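The values are calculated or read from the model by the stated rules, or taken from the named source; none is laboratory data. Owing to the predicted nature of the structure, the values given are computational and were not obtained by experimental measurement. Cβ: placed from backbone, ideal geometry, glycine included. Neighbour counts: every protein chain shown.
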Ligand code: PRP
Ligand code: URA
């Protein structure tokens, strides 16, 4: 079954309070989403494999370590874009793919409109990035698409999840670990996470 990690970190909780507050404006919302993306990255990368490499310090030769695998960040458009800069600041060598999905407002089913990945994705650690894990339909569909590239080491990175979304990933993709800043109570009748933060894409891009 998928590993689920809820960060429970004071710095992340502090920034999440800003993100959740309906009175937080677009600029501060966008900056905080990106910053939490960066903070979560420390946890995601904790078990990444390293390989030894001989380097020379100004004093002598030594065996240092570097990441064994390439990292690919795949934001789910639109809202996933908000976390990319923060993650990329922590892993600047990461390559970036994109998946365009939106949730049909009535059926809540994900509709795919775009996908493009770097060639190295097959042998990379893939971070699927989307702030909101609601029904889990969008994340599950995105992971289906990424698996078709041959990628095997896939992790989901989000801000707010709920039991329904976590269960959907665990059922559909038990091999995919889930990292969240917070796990909320439930979904409302319109498919929004409660208490959540509202519509993340609209708040990031000022579309409502
Ligand atoms: C939001 C969010 C997720 C999806 C989560 O995107 O960013 O992608 O909903 O819902 P789910 O778990 O029920 O699938 P939305 O469809 O609003 O598109 P947007 O990012 O373009 O605003
Ligand atoms: N998408 C959002 O942006 N927010 C939710 O609460 C659920 C899905």
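With respect to being surrounded by fewer than 19 Cβ atoms within 10 Å (Cβ to Cβ), within 24 Å of residue 96 (Cα to Cα), more than 9 Å from ligand 1 (Cβ to nearest atom) and more than 16 Å from the chain's Cα centre (by Cα), residue 150 fits the description.
Can you confirm whether residue 133 is within 9 Å of ligand 1 (Cβ to nearest atom) and farther than 21 Å from residue 3 by Cα?
On the way: within 9 Å of ligand 1 (Cβ to nearest atom): yes; farther than 21 Å from residue 3 by Cα: no.
No: the conditions fail for residue 133.
Just one of (1) within 11 Å of ligand 1 (Cβ to nearest atom); (2) surrounded by fewer than 23 Cβ atoms within 10 Å (Cβ to Cβ) fails for residue 161. It is (2).
Within the stretch 23-40, which residues are over 17 Å from the mean Cα position of the chain (by Cα) and part of a helix (DSSP H, G or I)? So that I can check it myself, show each step before the final result.
The first filter runs over the stretch 23-40 and keeps only residues over 17 Å from the mean Cα position of the chain (by Cα), leaving 23-28.
Of everything in the stretch 23-40, those that are over 17 Å from the mean Cα position of the chain (by Cα) and part of a helix (DSSP H, G or I) turn out to be 26, 27, 28.
Please work out which residue is nearest to ligand 2 (Cβ to nearest atom), limiting yourself to the stretch 93-118 and to residues that are within 19 Å of residue 202 (Cα to Cα) and touching a residue at least 40 places away in the same chain (Cβ under 8 Å). The selected residue is 103. If we scan the stretch 80-102, do we find a residue that is within 17 Å of the chain's Cα centre (by Cα), modelled with pLDDT under 95 and within 20 Å of residue 168 (Cα to Cα)? Within the stretch 80-102, one or more residues are within 17 Å of the chain's Cα centre (by Cα), modelled with pLDDT under 95 and within 20 Å of residue 168 (Cα to Cα).
Of 204, 197, which residue is part of a helix (DSSP H, G or I) and either surrounded by 13 or more Cβ atoms within 10 Å (Cβ to Cβ) or within 12 Å of ligand 1 (Cβ to nearest atom) (or both)? Talk me through it step by step, then tell me what you get.
Numbers: 197 fails: part of a helix (DSSP H, G or I).
Selected residue: 204, the only one of 204, 197 that is part of a helix (DSSP H, G or I) and either surrounded by 13 or more Cβ atoms within 10 Å (Cβ to Cβ) or within 12 Å of ligand 1 (Cβ to nearest atom) (or both).
Can you tell me which residue within the stretch 66-84, out of those that are surrounded by 11 or more Cβ atoms within 10 Å (Cβ to Cβ) and in a strand (DSSP E or B), is farthest from ligand 1 (Cβ to nearest atom)? So, considering only residues that are surrounded by 11 or more Cβ atoms within 10 Å (Cβ to Cβ) and in a strand (DSSP E or B), the one farthest from ligand 1 (Cβ to nearest atom) is 67. The residue list 51, 74 contains one member that is under 15 Å from the mean Cα position of the chain (by Cα) and modelled with pLDDT of 95 or more, which is 74.
Within the stretch 25-50, the set of residues being in contact with a helix residue (DSSP H, G or I) (Cβ under 8 Å, 6 or more places away or on another chain) and without any contact (Cβ under 8 Å) to a residue 12 or more places away in the chain comprises 28 only. Scanning the stretch 147-190 for residues that are within 15 Å of ligand 2 (Cβ to nearest atom), out of contact with any helix residue (DSSP H, G or I) (no Cβ under 9 Å at 6 or more places or on another chain) and either in a loop (DSSP other than H, G, I, E, B) or at pLDDT below 95 (or both) gives 162, 188, 189, 190.
Flag: residue 141 matches the condition of being within 11 Å of ligand 1 (Cβ to nearest atom) and not in a loop (DSSP other than H, G, I, E, B).
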